[in-house]
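The values are calculated or read from the model by the stated rules, or taken from the named source; none is laboratory data. All values derive from a computational prediction rather than experimental measurement. Positions of Cβ are backbone-derived with ideal geometry, glycine not excepted, and every protein chain shown enters the neighbour counts. Heads up: the accessible areas ignore ligands, DNA and RNA and are worked out on the full protein's heavy atoms, side chains in. Shrake-Rupley method; radii C 1.70, N 1.55, O 1.52, S 1.80 Å.
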Amino acid sequence: MIRWPWKNAKESLSEELEAHLRMAIAKRVADGEDPAQARIAALRELGNVPLMEDITRERWGWMWLEDLLRDTRFALRQLRHAPAFTATALLTLAFGIGANLGVFQLLYAVILAELPVPHPEEVVRIHAARTPFDQSWTISYPAH
Amino acid sequence: MAETPKYQNRIELLQGRLDMLVLQALLRQPMHGYAVAQVIRNRSGEVLTVETGSLYPALHRLERRKWVRSEWKLTESKQRAKFYQLTSLGKKQLTADHRRWLELVRAIGAVMEPEVQP
């Protein structure tokens, strides 16, 4: 797995909070508290650690990317759980995109592309020709 | 078992003032988060307690603003802890904050005139 840059910061924060907890317990024990009681009391004082980590991390400004990645991974997992839907959606997209691509390629080759002639800007006159479809005359106009 | 003061004696701090108090705590020497909370609590005579839920976001916020800088060091008991130190920028901010606070206190004091004794 790629080591995202914020993983270090996250672990650093966890370590920092752990150090705080250790010191809080040590102080209580030094004041004469029972170690088990001290731990419980110190933990309660520490409060909601995941919430605190979230708030602190939010300030770093990376949350949006992490959220995006998490959401993407979740979405992919969900798709894997619904194969019929996924297949349908993918096929529809493939047909849609493919059809559009094909049409545009054709359009490009026929109309938008340059004439298969060297120096097309020098073409002055083009002969009229009968179209094979409806037997009407078409004359192409000089490309300026 | 240590005596815990009554709940109503503990005042929750507003975010703006918390920054100032944390900067002030770091004025004399660099210290870790736990020590900052202790200093504020002891100096205020147990009146002001900073919840860790406010303290660490505050410290990280201050660091982002470059008012403090952090470093991992060993404590007296040879434990690893993140020590925070005031920067020159932070010192300027502290002075400005302190001045603003004094103005505020003066202003409020002026409004709350002492009651005239009959």
For this session: Using label points projected 7 Å from each Cα along Cα→Cβ, tell me how many nm separate residue A:34 and residue A:77, to one decimal.
Result: 4.1
Exercise. Within the set A:10/B:78; A:10/B:92; A:10/B:91; A:10/B:73; A:27/B:91, which residue pairs have Cα atoms separated by over 21 Å?
Worked result: A:10/B:78; A:10/B:92; A:10/B:91; A:27/B:91
Seminar exercise, completed: With label points set 7 Å from each Cα along the Cα-to-Cβ direction at residue A:97 and residue A:14, the distance between them in nm comes to 3.7
For this session: Provide a whole-number value for the mean count of partner chain Cβ atoms within 10 Å of the Cβ atoms in peptide B:26-34.
Result: 2
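So for each of B:95-106, B:44-55, A:97-108 I average, over its residues, the number of other beta carbons within 10 Å; can you give me the resulting order with the highest mean first? It would help to have the intermediate numbers written out before the result.
Details: B:95-106: 11.7, B:44-55: 16.9, A:97-108: 10.2.
Going by the mean number of other Cβ atoms within 10 Å, highest first, we get B:44-55, B:95-106, A:97-108.
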For this session: Would you mind calculating the gained length between residue A:105 and residue A:43 on full extension (0.36 nm times residue separation, minus the Cα-Cα distance), in nm to one decimal?
Result: 15.7 nm
For this session: Return one whole number: the accessible area per residue of the range B:58-115 in Å², for a 1.4 Å probe.
Result: 73
Problem set entry | Dipole magnitude (debye, nearest 20) for the range B:65-118, charges at Cβ of Lys, Arg, Asp, Glu | 680
For this session: Using protein chains only (no ligands, no nucleic acids) and a 1.4 Å probe, work out which residues of the range B:45-62 have their accessible area cut by at least 20 Å² relative to the chain alone.
Result: B:52, B:53, B:56, B:57, B:60, B:61
Seminar exercise, completed: Subtracting the Cα-Cα distance of residue B:43 and residue B:103 from 0.36 nm times their residue separation yields 19.4 nm
